[in-house]
1. What's the whole-number percent of alpha carbon pairs in the stretch 242-304 lying beyond 13 angstrom?
2. Measuring from label point to label point, each 7 Å out along Cα→Cβ, what is the THR67 to PHE42 span in nm?
3. Mean-square fluctuation check for the chain, GNM, Cα pairs under 10 Å: which of GLU304, GLU99, GLU219 is largest?
4. Only Lys, Arg, Asp and Glu count, each charged at its Cβ (+1, +1, -1, -1), so figure out the dipole size of the chain about its Cα centre, rounded to 20 debye.
5. Using 0.36 nm per residue, how much length does the chain from ALA132 to ASP173 gain when fully extended, once their Cα-Cα distance is taken away?
6. Which entries in LYS84/LYS124; LYS84/LYS128; LYS38/LYS84; LYS17/LYS109; LYS109/LYS212 show an alpha-carbon gap greater than 30 Å?
7. For a quick check: with amide H placed at 1.01 Å from N, whose amide H comes under 5 Å from ASP215's, ignoring anything fewer than 5 positions away on the same chain?
8. To the nearest 20 debye, what is the magnitude of the charge dipole of the stretch 245-310 about its Cα centre, counting +1 on the Cβ of each Lys and Arg and -1 on the Cβ of each Asp and Glu?
Amino acid sequence: MEDFAEFVGLSRPTVSKYFNNPTSVRRRTRSLIEVALKESGFRPNMFAVNLNRRYSNIIGIIIPNSTDPFYMALTRHVELIADKAGFLTFVLSSDGNAELEARAINTLKSLNVAGALMAPLGIKSHQKTLRALGESTPLIYVDSPLDATSSFVGTDNRQSFQLITDYLCRSGDPPCYLGMPGVNTNAHSREVAYVEAMRRLELEPIVLTVAKVADWDFERFGYEETLRILDRGGFPTQTVLCANDRVAFGAIAAAYERGLKIGRRAGCDLRIAGHDDHPLSRYTCPPLTTVAQNYSEIGRLAMESLLRRIDATVSEQANLPDKDRVFLSAELILRTSA
């Protein structure tokens, strides 16, 4: 930066002011700098610039799986909002790995991020580290909260499972529940939500015993668990409610392989439903009945909360709520699988 300021014939503070906000300097000064940029090829190291600031313009994002369409859609929406607000986004994936999540948390700390959004794995040993990060850096959790008090924006699992459980019970056999691998707090909270929904209808919940694994390959999990259940006598009811759509994809594939007909029409052997409204759920065979999470609204509200905390002055911080907890309602999506 010193060399470039000398090259253009301006003071370093003036050049720095331009890179922070080009419209903050006079038009003639801006033209001089832009011509010099073309001639010299100089580009500031934005990460180094941010490290020198008390507050950077970087927003960190940590997700557990970069290939999952839910997190892809959520991240993309957040990036667009951040860009309009003048922030860079730095996305890291833990890939479902505790060590990678710990490394990602430390990376955000070293980058001096202005704030962060995080979908945590729910690892108990990381909770103290994350709470410490949240004390010094605005931090909002999405999809699955860290605990019962952390700032969070996501779907209300109690509402969504009540919605689909009520529908399944009204339209056919009450559902048994095929869970998901224990990769985050959703694995537990969704099972609890199903149990509560069944008891609210004065029905006995049937939670299927599944393998205790922590694997993000949900389709394979659903496929293998369904094959195992079918080969040992079948499901206890003709309706299966899966913890998420990706588990349901595997269950549908396994049922098809064993010659079962899936659907809600007469003559079908099994009804299968999911949760999330995965982009491919409408293209399964048959198309999957599910409940839809509002990806864009989760991203919008999470960023709104995060930016509000980033922008608040010290005096304004006292007037902000200690924690933001927003639970969004899901929408029932009826298709032919259940």
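Readers should treat all values here as calculations from the given coordinates under stated rules, not as data from a laboratory. In this text the structure is predicted, and so the values were computed from the model without any measurement. When we count neighbours, we look across all protein chains shown, and the Cβ atoms used for this are built from the backbone with ideal geometry, even at glycine.
1. For the stretch 242-304, the fraction of Cα-Cα distances above 13 Å is 63 percent.
2. Taking the two extended label points, one gets 4.4 nm.
3. Highest fluctuation among the options: GLU99.
4. The calculation lands at about 760 debye.
5. Contour length minus Cα-Cα distance gives 10.0 nm.
6. LYS84/LYS124; LYS84/LYS128; LYS109/LYS212
7. For ASP215, the qualifying residues are GLY182.
8. Charge dipole of the stretch 245-310: 100 debye, to the nearest 20.
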